[in-house]
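K.L.:
Handing you this structure, nothing more for now.
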Amino acid sequence: MKEIIVGIGETGVLSGEGKVLQTGPLGAGVAVVVLDAPSRTAGLVHIALPASKSETDKIESYPGTFADTAIPALMEALAQTGLSRDPEEYTVKLVGGANVMDRSGAFDLGARNVEAVRRILAEHNLQIETEKTGGRFSRSVKVYVDSSLVELIFPSRDTEFI
């Protein structure tokens, strides 16, 4: 089994049987999973921040860090595998965006990340099929490419498939 860990600001794309994409703990970060079941291809990006406005030095090295650069980078990585589907045919799953550190909710980076990701996905005609966002707990994501199953892994709870 081939497994790729997708770190903060990184993008991973895999095709075929026995392949797995996985994030570490997301916290306020957001994982966007794009699946193309017919070709058994999956893409995953681990987004940390909503916008790249003042962080131009990081965009080139880690375009997946920011919602506004991560989605285009993920779509480009999928296109490089030879996929040429209409974006509306992909299955998109959104996970993360927890508020784990800011108990008052004043800053709530997780909610800001989720909102930015939703907006950018809509701009690219990508419809979210399943969304598991918010809350006060971190989770990790594991994508089983050949079955298009997405597993949510919680630190102190049972796992959940979406």
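Taken together, the values in this text are just the output of simple stated rules run on the coordinates, not laboratory data. Here the structure is a predicted model, which is why all the values come from computation and not from measurement. Please note: Cβ atoms are built from the backbone with ideal geometry, for glycine as well, and neighbour counts cover all protein chains shown.
K.L.:
Along the charge dipole of the chain, which of Val145, Gly135, Ser156 sits closest to the positive end, that is, farthest toward it, with unit charges on the beta carbon of Lys, Arg, Asp and Glu (+1, +1, -1, -1)?
P.N.:
Comparing the listed Cα positions along the dipole, Ser156 ranks first.
K.L.:
How far apart, in nanometres, would the label points at Phe107 and Ser39 be if each is projected 7 angstrom from Cα along the Cα-to-Cβ direction?
P.N.:
It is 4.0 nm.
K.L.:
Here is a further query. Where does the charge balance sit around Leu152 when Lys and Arg score +1, Asp and Glu -1, over other residues with C-beta under 11 Å from its C-beta?
P.N.:
So the surrounding residues net to +2.
K.L.:
Quick one: which residues, 5+ away or cross-chain, put their amide H under 5 Å from the amide H of Glu10? H built at 1.01 Å from N.
P.N.:
Amide H neighbours of Glu10, under 5 Å, 5+ apart: His46.
K.L.:
Let me ask something else about it. Over the chain, what relative contact order in percent results from Cα pairs under 8 Å that are six or more residues apart?
P.N.:
28 percent
K.L.:
For segment 2-161, state the semi-axes of the equivalent ellipsoid (square roots of 5 times the eigenvalues of the alpha-carbon gyration tensor), sorted largest first and rounded to whole angstrom.
P.N.:
Semi-axis lengths for segment 2-161 are 23, 19, 14 Å.
K.L.:
Taking the chain as a Gaussian network, where each spring joins two C-alpha atoms under 10 Å apart, which residue of Ser148, Ser61, Ser15 fluctuates the most?
P.N.:
Among Ser148, Ser61, Ser15, the largest mean-square fluctuation in the Gaussian network model of the chain belongs to Ser61.
K.L.:
Could I ask something else about it? Going 7 Å from the Cα of Phe154 in the Cα-to-Cβ direction, what parts of segment 1-28 have a backbone nitrogen less than 17 Å from that spot?
P.N.:
25-28
K.L.:
Mind checking which lysines have their C-alpha under 28 Å from Lys142, skipping anything on the same chain fewer than 8 residues away?
P.N.:
Lys2, Lys19, Lys58, Lys93, Lys132
K.L.:
Moving on. Please rank Met1, Met101, Met75, fewest neighbouring Cβ atoms within 10 Å first, as an exposure proxy.
P.N.:
Ascending number of Cβ neighbours within 10 Å: Met1, Met101, Met75.
K.L.:
Further question on the same structure: What FRET efficiency comes out for Lys53 versus Ala79 if R0 is 35 angstrom and r is the Cβ-Cβ distance? Round to the nearest 0.05.
P.N.:
0.85
K.L.:
Okay, moving on. In deg cm²/dmol and to the nearest 500, what is the mean residue ellipticity at 222 nm of the chain if only DSSP H runs of at least 4 residues count, each as -39500 (n - 2.57), divided by the residue total?
P.N.:
-6500 deg cm²/dmol
K.L.:
Give me a comma-separated list of calculated 3J(HN,Hα) values for segment 76-84, in order, Karplus coefficients 6.51, -1.76, 1.60 applied at θ = phi - 60°, integers in Hz, x for any Gly or Pro.
P.N.:
5, 5, 5, 4, 5, 7, x, 5, 9
K.L.:
Is segment 97-146 rounded, prolate or oblate when judged by the Cα gyration tensor, a ≥ b ≥ c being the square roots of its eigenvalues, rounded requiring a/c under 1.5 and prolate requiring a/b larger than b/c?
P.N.:
oblate
K.L.:
Find which of Thr41, Met75, Ala116 sits farthest along the positive direction of the dipole of the chain, computed with +1 on the beta-carbon of Lys and Arg, -1 on that of Asp and Glu, about the Cα centre.
P.N.:
Ala116
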